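First comes the structure, then the notes that go with it.
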Amino acid sequence: MKIYNTMTRQKEEFVPLHPGKVGIYACGPTVYNFFHIGNARPFIVFDVLRRYFRHLGYDVTFVQNFTDIDDKLIRRANEEGTTVPEIAEKYIKEYYTDAEGLGVEKADVHPRATEHIGEIITMIKKLESKGYAYKTDNGDVYFDTQAFSGYGKLSGQNLEDREAGARIEVDDVKKNPMDFALWKAQKPGEPAWNSPWGMGRPGWHIECSAMSTKYLGDTFDIHCGGVDLIFPHHENEIAQSECATGKPFARYWMHNGHINVDNRKMSKSLGNFLLVRDISKEFDLEVVRMFMLSAHYRSPINYSHNLLVQAQSSLERLYTARNNAIFAREHAKEKELTPEETAFAARSEQAIKAFDAAMDDDLNTADAIGVIFDYIRDMNTVLADANDASRQTFDTALSTLKCMTDVLGLLRKEADGVPDEIKQLVEQRTAAKKNKDYALADEIRNKVLAMGYVIEDTPKGAKVKKA
């Protein structure tokens, strides 16, 4: 598998630090609100990365943090007249609700910043003892960017270029414009923890360094997040981590591209700031996942209502192909394969190889989805032509489709999802038709329709689906 490494600006063959194992750290949400469509993209993309490594047989440890102490949480708690822990708890719960709707699995570890204050303080003390951190008169502790020669290596801009464009207040307590806070002294009414530098709270960047190294080691395989995090967040993580441990930090850096809304940058001022929770009122969130994966993760992507409708249509095609095959399999028999069916089985194996080849090319989900649609066209043709196809052929088709869609986290819903009450009515209608009681059959059909389901008569029996 090849991955585009932001650090080297080229695709590289992925070689794990430990054979057969992969450690991944993904930057998670700051839990002060429902997350928006821009947040959803990295959650989905790197969930697929994890799934694909598992598909390849790796033992994956996936860590995604929750930032549960931050200026935004403090501000939201003040606005709502509650506490920061209560705000964090509320929106962590809401995160899980929306993430589940998007098909994003829970991480192996979901560390919270406030539960790792001890590790954060230990790392800051190391930086201070090595001369990389300094305390100011007001009790803040800063990282000295001038002391780290590698600062800027991820973003590709050296310190002088960054400083030339930096704005610095006249009374700033920092030594250098690009220095960043490791520890912030307590202000009136703010949550705080005791530390060697007085009461205060951690800076944003140090939280991720402390949590990632605790669960994945000083050096680990992949660090990922949105492209907007390259600078300053990930740049600062590298600086403080490598200075604290004396070892390389993450070996591969993966960043997803920006998302625009109706061809404009998403912002509250433009009125196009979209929460996933709001989108879920109109669309099933699996449609959002389909939309996100239809483009390469590093490419910018434009969100619009029309594009989501197109994604919905594409997803429905996949469900229809799968559900038709499941229905037909129920009526298929065990029998010898025809030459056409044997050839289809061989093409099924090739489809998985083509899917893997797309995913091996820097997680190219767009091409992988193309492989799936090529396969269902082949599948539909073969199964339509072979009215008396063997059960084995249907099993091959369904297992091949499932193998690919499971990696992408698609087609998660049950085959029909039809309530037992509806199924019983369909059986009653079938019996009525057999008894030539067509008036009762029509009555049952209308009743089922009123309950939101459509009955379709086929040569192999009645099929039922949501209206």
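General observations
- Gly20 vs. criteria of a type in the set (Gly, Ala, Ser), surrounded by fewer than 19 Cβ atoms within 10 Å (Cβ to Cβ) and at pLDDT 95 or above: yes
- Close Cβ contacts (under 6 Å, 6 or more residues apart or on different chains) running from residues in the range 255-272 that are touching a residue at least 24 places away in the same chain (Cβ under 8 Å) to residues that are part of a strand (DSSP E or B) and exposed (fewer than 15 other Cβ atoms within 10 Å of the Cβ) comprise Asn260/Asn302; Asn263/Asn302.
- Among (1) crowded, with 16+ Cβ neighbours inside 10 Å; (2) without any contact (Cβ under 8 Å) to a residue 40 or more places away in the chain, the one test that Asn194 misses: (1)
- Condition broken by Ala332, with the remaining ones in (1) over 16 Å from the mean Cα position of the chain (by Cα); (2) buried (at least 17 other Cβ atoms within 10 Å of the Cβ); (3) farther than 15 Å from His36 by Cα; (4) not assigned by TED's automatic domain parsing to the domain that holds Asp395 satisfied: (4)
- Checking the stated criteria, Gly139 turns out not to satisfy the condition of being of a type in the set (Gly, Ala, Ser), under 30 Å from Arg9 (Cβ atoms), at pLDDT 90 or above and not in a helix (DSSP H, G or I).
- Residues (in a loop (DSSP other than H, G, I, E, B) and more than 37 Å from the chain's Cα centre (by Cα)) located in the range 418-460: Asn435, Lys436, Asp437, Pro459, Lys460
- With respect to the stated conditions, Ala88 fails to be under 15 Å from Phe180 (Cα atoms), crowded, with 18+ Cβ neighbours inside 10 Å, in the same structural domain as Asp179 (by TED's automatic domain parsing) and of a type in the set (A, V, I, L, M).
The values are calculated or read from the model by the stated rules, or taken from the named source; none is laboratory data. Note that the structure is a prediction, hence the values are computed from the model and not measured. Ideal geometry is used to build each Cβ from the backbone, glycine not excepted, and the neighbour counts take in all protein chains shown.
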